[in-house]
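To start, the structure under review is shown below, and the notes come after it.
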């Protein structure tokens, strides 16, 4: 798909060093029509499927398909309600497929999606894929992991350093496909203003589980988005690459308007 010239974009997915199949799924989409593009902006998403056999691939694919369909055909151009609708449709689609095909029972997926419209960023998120904003060499994690260890860290029962190597660090408390009413997605309350040279980065945990936020920011310095994607995937694989690895990097080019600082 052609990408308009106000950004640089790169994405890369890799099966990693251990798993036989890639259950991650990602998309980038911007409308062909300039009028629709001005109204809706552009969509990025990363989903990390789970469920064994073909289930993870099916779940992550259904989630991204739902996001793309709602973004393209949704009745509103307001990013937040559009993302809420898209995540709801993704949940319905995954549960319906699981009910219709017993071999897919229990499948699910994380999902992190961002809409960049003009110089504003809105996002939706469930699970432990992540959205970062890198500004002036500093990485700001915008999403909060829906994971058991993150709950333990927030409650004070576990130190952040311990969480990085905890044996249950991959246990999720929320994902698309879970039937618990507590397993709900988070959405940005207000748009994040973007500045020239900002980097919007989406990753699956196959990357950020092995590569720190500081290392992600450092890898982007003086590199093109594709060079940074390649370097970061190679780093995760050099550290064992036990999971599928996916990353997308969108760079705001210098003709963008200035914005407010990140808290």
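Read-outs throughout are calculated quantities, based only on the coordinates presented, and are distinct from any laboratory measurement. Quick caveat, the model's predicted, so the values are computed rather than measured. Using ideal geometry, Cβ is built from the backbone for each residue, glycine included, and neighbour counts are taken over all protein chains shown.
Values as computed for the structure displayed
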item	result
Neighbour-count order for 14, 205, 6, fewest beta carbons within 10 angstrom listed first	6, 14, 205
Two-site label geometry, residue 197 and residue 141: point separation in nm, points 7 Å out along Cα→Cβ	2.6 nm
Peptide ranges 111-119, 80-88, 25-33 listed from the most packed, as the mean C-beta count within 10 angstrom indicates	111-119, 80-88, 25-33
50, 107 arranged by Cβ crowding within 10 Å, fewest neighbours leading	50, 107
Prolate/oblate/rounded call for the range 7-252, Cα gyration tensor, a/c under 1.5 rounded	rounded
Ellipticity estimate at 222 nm from DSSP helix runs (n ≥ 4, -39,500 (n - 2.57)) divided over the chain, nearest 500	-10000 deg cm²/dmol
Calculated FRET value between residue 54 and residue 171, using beta carbons and R₀ = 25 Å, to 0.05	0.65
Over the chain, relative contact order from alpha-carbon pairs under 8 Å, at least 6 apart, %	26 percent
Anisotropy class of the range 1-112 from Cα gyration tensor, a/c 1.5 cut	oblate
Shape of the range 24-63, Cα gyration tensor, a/c cut at 1.5	prolate
Rough spin-label spacing in nm, given labels placed 7 Å along Cα→Cβ, for residue 224 and residue 4	2.2 nm
Ascending count of other beta-carbon atoms within 10 Å, so fewest first, for 154, 251, 237	154, 237, 251
